[in-house]
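Down below is the structure, laid out as structure tokens.
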Amino acid sequence: MSVKVLYAGNPAQWPVYDAELSGALADLGITAHLSRDIAATDVDYIVYAPNGPVQDFTPFTRAKAVLGLWAGVEKVVGNPTLTQPYTRMVDDGLTEGMTEWVTGHVLRHHLGMDTYIHRTQPIWNCPAPPLARDRTVGVLGLGALGATAAQALRALNFNVVGWSRTPKQIDGVESFSGEAGLQTVLGCADILVLLLPATAQTKNLLNAVRFAQMPKGAVIINPGRGPLIDDAALLAALDAGQIGHATLDVFRVEPLPDDHPYWAHPNVTVTPHIASDTRPATAARVIAENIRRGEADEPFLHLVDRAVGY
């Protein structure tokens with residue numbers, strides 16, 4: 001008997017997911033009926049994205065799991081109709097894309113590339129930047145994305161320190177947790193990368209008090225979640241020179257409104273939520289493996305703990 005898998009992601013991506021998921025399931029020897037149109041009471045698994053057509057999970061009484069296509073879960077964990085196990089997306093493509101974006105922007109700020117790229121007059125006889133070993137990069141959030149980015153930065157010889165809700169052990173990265181640990185990381189980070197999830201505990205984590213704890217002129221890089229930053233406090237810190245620059249990929253409201261002060265601020269770089277994305281080719285393998293696990297009565301990969309919000 002075939003497993004019935006409902007695709008409830010972005011309809012525009014259905015053709016590519018149809019091909020990739022079908023191939024990944026077949027590679028694992030799973031006979032599956034994959035469709036966008038299956039009676040709710042017949043669905044075994046839901047491949048889901050919050051921008052897809054399903055918002056009410058109540059009718060899916062047979063579903064063994066909802067398999068998310070997004071790394072972020074804040075748009076779904078509070079849904080009271082979602083009683084099935086929910087997994088978030090952790091896959092090689094998503095992780096590699098985030099690591100490339102983070103390392104690219106860290107190097108951009110480390111090397112002072114904007115000075116030369118955006119020059120309005122001839123520039124010469126400028127001092128060379130310090131070596132990476134003389135620059136400290138802090139990474140807030142040491143999950144799958146943060147840990148991999150931290151290791152990549154360490155491989156480039158940066159001094160990397162990290163902070164997370166619970167203690168982590170990462171080769172070459174000095175890791176901290178707790179309030180005292182957060183102050184330690186903030187106090188030494190010349191460049192700070194935010195890769196924390198959006199939870200009640202992380203909302204406005206970067207506020208006026210914490211910006212003041214950072215080295216004067218420090219750089220903020222946020223490809224994590226918009227609500228991590230108190231926007232008004234960041235703008236004030238930028239205007240005062242306490243924060244030298246902010247490169248922001250995520251925002252409370254997306255798309256970022258045309259009249260938002262970030263667009264016009266000379267020390268803010270806005271990128272349109274492109275730091276990383278779910279790649280169907282790699283995501284399909286994760287989804288297929290979780291379906292295999294569900295059918296074999298094995299634990300799902302990347303199961304969300306709704307008590308902590310990720």
**Message:** Looking at (1) in contact (Cβ under 8 Å) with a residue 24 or more places away in the chain; (2) surrounded by fewer than 20 Cβ atoms within 10 Å (Cβ to Cβ), which one does residue 155 not meet, given that it meets all the others?
**Reply:** (1)
**Item:** Residues that are closer than 24 Å to residue 245 by Cβ, outside any strand (DSSP E or B) and not polar (S, T, N, Q), drawn from region 168-193
**Value:** 182, 185, 186, 187, 188, 189, 190
**Request:** Search region 58-67 for residues being touching a Ser or Thr at 6+ places or on another chain (Cβ under 8 Å) and in a loop (DSSP other than H, G, I, E, B), and hand back the single one that is surrounded by the fewest Cβ atoms within 10 Å (Cβ to Cβ).
**Result:** 58
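Taking the stated definitions as given, is residue 132 surrounded by 17 or more Cβ atoms within 10 Å (Cβ to Cβ), of a type in the set (A, V, I, L, M), more than 19 Å from the chain's Cα centre (by Cα) and farther than 23 Å from residue 201 by Cα?
Numbers: surrounded by 17 or more Cβ atoms within 10 Å (Cβ to Cβ): yes; of a type in the set (A, V, I, L, M): yes; more than 19 Å from the chain's Cα centre (by Cα): yes; farther than 23 Å from residue 201 by Cα: yes.
Judged against the criteria, residue 132 is a match.
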**Fill in**
The one condition residue 125 fails out of (1) modelled with pLDDT of 95 or more; (2) more than 17 Å from residue 106 (Cα to Cα); (3) of a type in the set (S, T, N, Q) is (1)
**Request:** Output the residues belonging to region 231-245 that are in contact with a Pro (Cβ under 7 Å, 6 or more places away or on another chain) and farther than 14 Å from residue 263 by Cα.
**Result:** none
**Request:** Check whether at least one residue in region 62-83 is over 28 Å from the mean Cα position of the chain (by Cα), at pLDDT 95 or above and more than 18 Å from residue 308 (Cα to Cα), and report yes or no.
**Result:** yes
**Message:** Among (1) free of Cβ contacts under 8 Å to residues at least 24 places away in the same chain; (2) closer than 17 Å to residue 308 by Cα; (3) among the charged types (D, E, K, R), there is one condition residue 179 misses while meeting the rest; what is its number?
**Reply:** (2)
**Complete:** Within region 241-260, of all residues that are surrounded by 12 or more Cβ atoms within 10 Å (Cβ to Cβ) and small (Gly, Ala, Ser), the one nearest to residue 99 (Cα to Cα) is 246
**Message:** Given the condition closer than 22 Å to residue 284 by Cβ, surrounded by 21 or more Cβ atoms within 10 Å (Cβ to Cβ) and among the charged types (D, E, K, R), answer yes or no: does some residue in region 76-91 qualify?
**Reply:** yes
**Prompt:** If you scan region 187-222, which residues turn out to be among the β-branched types (Val, Ile, Thr), closer than 20 Å to residue 249 by Cβ and modelled with pLDDT of 95 or more?
**Reply:** 191, 193, 202, 219, 220, 221
**Request:** Identify all residues within region 254-310 that are in a loop (DSSP other than H, G, I, E, B) and free of Cβ contacts under 8 Å to residues at least 12 places away in the same chain; write none if there are none.
**Result:** 257, 258, 259, 260, 266, 296, 297, 298, 299, 305, 307
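Answer yes or no as to whether residue 278 is more than 15 Å from the chain's Cα centre (by Cα) and of a type in the set (Ser, Thr, Tyr).
Details: more than 15 Å from the chain's Cα centre (by Cα): no; of a type in the set (Ser, Thr, Tyr): yes.
Against the criterion (more than 15 Å from the chain's Cα centre (by Cα) and of a type in the set (Ser, Thr, Tyr)), residue 278 does not qualify.
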**Message:** I'm trying to understand the selection: among the residues of region 244-253, which are in contact (Cβ under 8 Å) with a residue 40 or more places away in the chain and charged (D, E, K, R)?
**Reply:** 249
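The values are calculated or read from the model by the stated rules, or taken from the named source; none is laboratory data. Bear in mind the structure is a predicted one, so any value in this text is a computation, not a measurement. Cβ: placed from backbone, ideal geometry, glycine included. Neighbour counts: every protein chain shown.
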